[in-house]
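The values are calculated or read from the model by the stated rules, or taken from the named source; none is laboratory data. On a predicted model such as this, the values are computed, not experimentally measured, just so you know. Using ideal geometry, Cβ is built from the backbone for each residue, glycine included, and neighbour counts are taken over all protein chains shown.
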Amino acid sequence: MGNKFEDSLRFDVGQVDNIFVHLCRYSPYAYGEELRHGFLTVAGGHRIGVAGQTVMTQDGVSVIRNIRFLNIRIAHEIRQVASPYMPYLYEEREDKIHSCLIIAPPGMGKTTVLRDMVRQVSDGGERRRGCSVSVVDERSEIAGCFMGEPQNDVGMRTDVMDACPKGYGMEMMLRSMAPDVIAVDEIALADDVKTLLMLLHCGVRVIATVHGESMQEVMQKPYLRPLFEATYFRRFLVLKEKGKGVMYNEKGERLI
């Protein structure tokens, strides 16, 4: 067997430049804000991570130039992946959901499950009233918006705030869209938790994801502790395999 690196397809600088410019539809400056965060989203919701030489300011990265590294992630949605958990997500009245925290390490399908959960909550079902859902999609991974239009099916009653920091986006959606439910991916900052608590206190239901191996591990993270102490979250879905996991209630009792 040959060396895997030697057998792989290798690109020179000119080829990387050509691919990058083509992905930007020959207008890299139009994607300046996205590129400042290290990625761009193209038609179909596909996301391309970029790396190169950064230009820094007091506010952080101003621009990335001399882009020499691309990570092309092909977007795909899996419909019905959240179906096993939906009966346990709803309250007895079947017209309101419990706030739910999806816990999993990287690569276990948190965003995929979140996306399908949003779709099903938004569309409703035979016995379930559809809810108004606001998605704050900071990294354009949930709805996969391109030019403001979701490329993934996130439901008929779903509004999307794309490429907006979670803290700002959640407050904006609360004030402007009057949602029943707000959905966000990857809670990782104390400020995000503070905003979540404000939403939950206002009666808005929340579906969110967080990195972790278990409920116990997540509960021990200082910045997440207020979410557990407030007991606003009534459902915790811990993914053990790709899209498959165990759901618990707020008492730690296994539901499925």
query = Quick one: which of LYS240, LYS166, LYS251 is surrounded by fewer than 14 Cβ atoms within 10 Å (Cβ to Cβ) and under 26 Å from GLY144 (Cα atoms)?
reply = LYS240
task = Filter region 1-31 down to the residues that are surrounded by 14 or more Cβ atoms within 10 Å (Cβ to Cβ) and under 24 Å from the mean Cα position of the chain (by Cα), then identify the one that is modelled with the lowest pLDDT.
result = TYR31
task = Six or more apart or on different chains, Cβ under 7 Å: which pairs go from a residue in region 127-146 that's in the same structural domain as GLU92 (by TED's automatic domain parsing) to one that's basic (Lys, Arg) and outside any loop (DSSP other than H, G, I, E, B)? Could you list them?
result = VAL136/LYS166; GLU138/LYS166; SER140/ARG47; GLU141/ARG47; ILE142/ARG115
Unique match (being under 21 Å from PRO106 (Cβ atoms), of a type in the set (A, V, I, L, M) and either touching a strand residue (DSSP E or B) at 6+ places or on another chain (Cβ under 7 Å) or surrounded by fewer than 19 Cβ atoms within 10 Å (Cβ to Cβ) (or both)) among MET173, MET219 = MET219
task = Could you tell me which of the residues ALA183, ALA178, ALA230 is modelled with pLDDT under 95, surrounded by 13 or more Cβ atoms within 10 Å (Cβ to Cβ), farther than 18 Å from PRO105 by Cβ and among the small types (Gly, Ala, Ser)?
result = ALA230
key: Residue list for region 32-53, restricted to those being in a strand (DSSP E or B) and either closer than 24 Å to ASP137 by Cα or under 25 Å from the mean Cα position of the chain (by Cα) (or both)   = PHE39, LEU40, THR41, ARG47, ILE48, GLY49, VAL50, ALA51, GLY52
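Please indicate, with yes or no, whether at least one residue in region 104-126 is among the acidic types (Asp, Glu), assigned to a loop (DSSP other than H, G, I, E, B) and in the same structural domain as VAL206 (by TED's automatic domain parsing).
Yes, there is a match, as at least one residue in region 104-126 is among the acidic types (Asp, Glu), assigned to a loop (DSSP other than H, G, I, E, B) and in the same structural domain as VAL206 (by TED's automatic domain parsing).
Say we look at region 186-210 and pick out the residues that are part of a strand (DSSP E or B) and either without any contact (Cβ under 8 Å) to a residue 40 or more places away in the chain or in contact with a helix residue (DSSP H, G or I) (Cβ under 8 Å, 6 or more places away or on another chain) (or both); which of these is farthest from PRO106 (Cα to Cα)?
Top of the filtered list is VAL206.
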remark   = All conditions in (1) under 18 Å from the mean Cα position of the chain (by Cα); (2) among the polar types (S, T, N, Q); (3) within 23 Å of LYS244 (Cβ to Cβ) are true of THR195 except (3)
key: Failed criterion for SER83 (all others in (1) surrounded by 13 or more Cβ atoms within 10 Å (Cβ to Cβ); (2) small (Gly, Ala, Ser); (3) under 23 Å from LEU255 (Cα atoms) hold)   = (1)
key: Pick from region 211-245, criterion without any contact (Cβ under 8 Å) to a residue 60 or more places away in the chain and either assigned to a loop (DSSP other than H, G, I, E, B) or not assigned by TED's automatic domain parsing to the domain that holds THR158 (or both), ranking: nearest to ILE78 (Cα to Cα)   = LEU224
